């Protein structure tokens, strides 16, 4: 411990065991962190002791602390109120400071003969028409998206009439979601009519628009304009489907907020779904870089979010625990001037809403980091299921394959960000024993893998065997885990490790941990990911086993030829790859490719002819 930390720890140890707020400052005297504590002495001194339990964020903060102040409070609730007030006043660097997509939003309708509709955040002096401002960016995006789908308006970056007839229509046109003015097959008057209808829909809502479209359809039918009537009918159907989708997102509780998270290795996203009068009225997203422990981050987020909220609902539904739910409920109740309860659902409608909220958070985060939404959501769900601190970015999986103990081999697959990384796959031939013993086989494979890691790190390699996985999955149950655990301990590694258990039909059933099986089928995204990993690892291992068995059979067959020893057989197989190519080669071809004497090459040819 350096002198500065020793000095700070000595000061912290003199603090009272009372509730209060502590204020961390850097060398310039600037406030970099404000926190609250039930017992000041215990909380503040924990920063300046061993840093083994500290997250990266806390370590960086402690490195910059030059001094700290504190304020003693009568109660924990008073400390929470003071903490929120001071954070709002000083905006410290290491506290969670919320920034979302709030602010003014507009609907932009470009000028010209082929106008386009989009959602924007700024109103420019560009001769376009703007509708707004609107407060909820999420609702506005949903509305514009529905208008574009219903009325078949383009959402691409093409400009009209400049790009008319220059490219083929995209997929949206082929599935009926775009009129495709780029094809040059739609009249300008029809396009303008669709744009005007979309604007009316945005201004007037679905009910008024549906009524007007129905009148137009009936009039077209009376005038025997059946093609126009059919087009209007299809728009009414699309409008009805959009309205039904909106009605699906409801809650049996008229007033509540649903808050869920999604994580990647470097970021944490909170999604907040606001339900009022039983319907979803708004959704906001907040992204935190370099997150801390999830429970602490979730607690601090609630404090920051509701300290500046103008409206606090009676229920707040969460996807996980907070540090002190009773204290938060008391604070929220006092601030809202009505009873507020914090709920963590386990099943039913409310759990479905939490999952929907978490998926939207994953989608938002995936867009920011340019990743796949479903893979981001699956990794986040898997991390929750296995109680991992962060989603596993780099996963290694292992499977053993043999035929009654013969040709005993193993396959190692790698999944990075939820996708197969085939360049990192490895194959192992079991060497330490012969016969059938899956437990010893798995132990040997892991031992060889991490002995390679030790060599790679000594050579400064960080890829391939030089990279440690975030998660290890073994095909099998508790026996495989027990066999491998001593190997991991021998290398001093603490990598999360689980078994993948199959049912009687050879389908993924559960994950095995030290405390028993964890059922995963209810968590469909994590289940799909695990099932994919298990199937791919099995395929890779069994393919290697079959190839090895086939190669062994070929070697036995070629050894019957006079003059062919192991060295020449391996050279021949390496050069020609298959028995068919060997059969089709002339003695001269074989000699030219391998250097084997012509007399022996003639015998190889004669053997197959």
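Count of the range 276-293 residues, restricted to those that are in contact (Cβ under 8 Å) with a residue 40 or more places away in the chain and assigned to a strand (DSSP E or B), is 8.
For the range 518-535, the count of residues that are crowded, with 18+ Cβ neighbours inside 10 Å, assigned by TED's automatic domain parsing to the domain that holds residue 415 and not in a helix (DSSP H, G or I) is at least one. Checking each residue in the range 109-162 for being surrounded by 17 or more Cβ atoms within 10 Å (Cβ to Cβ), at pLDDT 85 or above and part of a strand (DSSP E or B) picks out 109, 117. Looking across the range 295-322, the residues that are at pLDDT below 90 and either assigned to a loop (DSSP other than H, G, I, E, B) or in contact with a strand residue (DSSP E or B) (Cβ under 7 Å, 6 or more places away or on another chain) (or both) come down to 308, 309, 310, 311.
Yes or no: residue 360 assigned to a strand (DSSP E or B) and touching a residue at least 12 places away in the same chain (Cβ under 8 Å)? No, not satisfied.
Residues are listed down the side, and each one gets a yes or a no for (1) crowded, with 20+ Cβ neighbours inside 10 Å; (2) without any contact (Cβ under 8 Å) to a residue 60 or more places away in the chain; (3) over 40 Å from the mean Cα position of the chain (by Cα):
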site: 7; (1), (2), (3): no, yes, yes
site: 13; (1), (2), (3): no, yes, yes
site: 16; (1), (2), (3): no, yes, yes
site: 21; (1), (2), (3): yes, no, no
site: 26; (1), (2), (3): no, yes, no
site: 29; (1), (2), (3): no, yes, no
site: 36; (1), (2), (3): yes, yes, no
site: 39; (1), (2), (3): no, yes, no
site: 43; (1), (2), (3): no, yes, no
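Just one of the listed residues (333, 376) is closer than 26 Å to residue 292 by Cα and in a helix (DSSP H, G or I), and it is 376.
The single condition among (1) at pLDDT 75 or above; (2) loosely packed, with under 15 Cβ neighbours inside 10 Å; (3) under 19 Å from residue 145 (Cβ atoms) that residue 177 does not meet is (2). Take the conditions (1) modelled with pLDDT under 85; (2) surrounded by 16 or more Cβ atoms within 10 Å (Cβ to Cβ); (3) more than 28 Å from residue 362 (Cβ to Cβ); residue 513 misses just one of them, which is (3).
The values are calculated or read from the model by the stated rules, or taken from the named source; none is laboratory data. Note that the coordinates shown come from a computational prediction; the quantities given were computed from them, not determined experimentally. Cβ atoms come from the backbone with ideal geometry, glycine included; neighbour counts cover every protein chain shown.
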